[in-house]
Amino acid sequence: LAMLQERAFNGAELQMFAHGLISAMLFMVCGILQHSVGTRRIGDLGGVASVLPRLSALTVFAFFASVGLPGLLGFIPELQVFLGAFSANKLSMIVTAAYYLWALERAYFGQPSTDLIEKKPHDLQWFQTLPLLVLGLLVLLLGVYPAPVTDMIAQSTGYIIDLLGGVS
């Protein structure tokens, strides 16, 4: 944003929008996991995917959207900011992706822990699945075709940059 370049500014605004949708998914899956299993501590989990497959699939989707996998809404703003600023904090992107993959591997994959099996957790109910699917569908559709959001953002960006004395 500080560079006041239109592409970076548009990317930053789209990033805020994408962050709202993706963070909602991440908080929901975390809350559902806590409710079903009784913990969110990665060290106490293991093999969640074999016990809670629907929750795990939506968690993986949300994680991939958050790290900016192409085709999902998180990718486009990351790319716009990167291209607009001509540089990005690559270390931050690498650390974030590494942490997500580490957390997925530790908590969701591998052999289920005996504590997890003994708790007999329940997978997603319809009233938990529906909002996650709506958010996921928006993340996917706007990742493939972001024009409805980017067109609205672009209408105001030039005006804001001009007010701030930047180059549009």
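Taking the average, over residues, of other Cβ atoms within 10 Å as the packing measure, peptides 65-76, 43-54 rank 65-76, 43-54 from highest down.
In segment 90-168, Rg over Rh equals 1.20, where Rg is the alpha-carbon radius of gyration and Rh the Kirkwood radius from pairwise Cα distances.
Accessible surface ranking for TRP126, TRP102, 1.4 angstrom probe, highest first: TRP126, TRP102. Rolling a 1.4 angstrom probe over the protein heavy atoms with all chains in place gives the chain an accessible area of 57 Å² per residue.
Note on LEU69 and HIS122: with the Förster distance fixed at 30 Å, the Cβ-Cβ geometry gives a FRET efficiency of about 0.60. Taking the Cβ of VAL29 as the center, what net charge do the other residues with Cβ under 14 Å away carry, scoring Lys and Arg +1 and Asp and Glu -1? Here the count lands on +1. A simple spin-label model places pseudo-atoms 7 Å from Cα toward Cβ; at ALA57 and GLU105 they are separated by 2.5 nm.
The values are calculated or read from the model by the stated rules, or taken from the named source; none is laboratory data. What you see is a predicted model; the values in this text were computed from it and never measured. FYI the Cβ positions are ideal-geometry reconstructions off the backbone, even for glycines, and counts take in every protein chain you see. When the accessible area is computed, the model is the full protein with side chains, heavy atoms only, and any ligands, DNA or RNA have been set aside. Shrake-Rupley method; radii C 1.70, N 1.55, O 1.52, S 1.80 Å.
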